[in-house]
1. Binning every alpha carbon pair distance of region 1-127 at 10 Å from zero, what are the percents per bin?
2. If you fit an axis through the alpha-carbon atoms of helix 196-205 and take the longest principal axis of the Cα set of the chain, what angle between them do you get, 0 to 90°, nearest 10?
3. If you count the DSSP beta bridges with both ends in the chain, what percent of them are antiparallel, to the nearest 5?
4. Please give the helix 13-25 orientation as an angle from the longest Cα principal axis of the chain, in degrees from 0 to 90, rounded to the nearest 10.
5. Report, as a whole number in µm² per second, the diffusion coefficient that Stokes-Einstein gives for region 86-132 at 10 °C and 1.306 mPa s using the Kirkwood radius over alpha carbon pairs.
6. Quick one: plug the Kirkwood hydrodynamic radius of region 266-350 (C-alpha pairs) into Stokes-Einstein at 37 °C, 0.692 mPa s, and report D in µm²/s.
7. Ratio to report: Rg/Rh of region 290-340, with Cα atoms as the point set and Rh obtained by the Kirkwood method; give two decimals.
8. Sticking with the crude label model, points 7 Å out along Cα→Cβ, report the distance from residue 73 to residue 145 in nm, one decimal please.
Ligand code: NAD
Ligand code: DAU
């Protein structure tokens, strides 16, 4: 193999799409997927590639610095693509502890492992995958650009902002060849049903209520997960060292409009009477500190590296709904165990 690349969090939603794409696209590179397999990590997301000769899975915790040092010594990585994180805003509001550990301490441990084990930085790359939530919230107009000031407002986004700062600090202080991307809301197959779309698809299927936070007029910029994976590939290969690239779908939706469209698609796919799913919509207590609007200016990535999103709006929504309905077993597996307890604790008091 010409190179060995460490991907962290590869058993999660975005990581599994990225790992599959890279393992297939670069058969002469070895990909090591390091994942703790928390509630959000699932090896079933990668069943179809698990026997590929250029793929290895390692179970482990990025918070464990000794373990990381051993792993770097064992594999002599040429590069790192770091996605492992606690990723759900609502959970961070319930208890930030795991977010601080994994997202901040874990990222620092990974940076340190690279710094201490890479004899030279020549030809190396440390890619940190981050979120647009570090920029805070927008009003009715405007877009997040790479030079927008950081203004994180949830424990999740504060932990990601902190990790971004650490990664940049390792560039300025130690000349580590880093690159960062900040992306908007992803959607598509294999997303854990705590996030809006898979949660609502599963609830509609089981005729459960659809808990819309606040007035439902919060706006997100939705990006097809496969388009995020192609952006990460491009930035890893061609992004300039020390730079940040924003990634977004130019695909803004107010939550309630997205939910109404989803309801229409689900009525059709489940062969239900028109309007049936919309009756499940229930307005509930708002998320604390809920960011009103996110929207991305991805022109740097598009102009510099030639990236283009390929899946838009209703097409992506339909593909997503179809996938979850066709993969009932996957959904049943991830909603067994502690999921019910999580759901009740999160939604009972709303
Ligand atoms: P996810 O929650 O689906 O997956 C996270 C993965 O990290 C899981 O497989 C989990 O087991 C693993 N993990 C958690 N703690 C770990 C630890 N201590 N050690 C090793 N592995 C650990 O998350 P996702 O939605 O796929 O997000 C991936 C990354 O992309 C995150 O860094 C997130 O902040 C970022 N991001 C997500 C979105 C989005 O819309 N989902 C948008 C922009 C950026
Ligand atoms: O913007 C990128 C971020 O997108 C990522 O960094 C996060 O990891 C990812 O989880 C996502 O964060 P959001 O908070 O935007 O995603 P979520 O799916 O939790 O919520 C989307 C919107 O829907 C948000 O305005 C809250 C609202 N919502 C969510 C849930 C779960 C509801 O109204 N009801 C719900 O039950």
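Bear in mind these aren't lab numbers, they're just calculated from the coordinates by the rules spelled out. Everything numeric here is computed off the predicted structure, so don't read it as measured data. Methodologically, a virtual Cβ is constructed for each residue, glycine included, from the backbone with ideal geometry; neighbour enumeration extends over all protein chains shown.
1. Result, from short to long distances: 13, 45, 33, 8, 0 percent.
2. Rounded to the nearest ten degrees, it is 40.
3. Working: 3 of 41 bridges.
Counting only bridges with both partners in the chain, antiparallel ones make up about 5 percent.
4. Result, in degrees: 50.
5. Details: Rh = 12.4 Å.
Translational diffusion coefficient: 128 µm²/s.
6. Working: Rh = 17.2 Å.
Translational D for this selection: 191 µm²/s.
7. Working: Rg = 17.1 Å, Rh = 14.6 Å.
Checking Rg against Rh, the ratio lands at 1.17.
8. Reported label-point gap for residue 73 and residue 145 is 4.8 nm.
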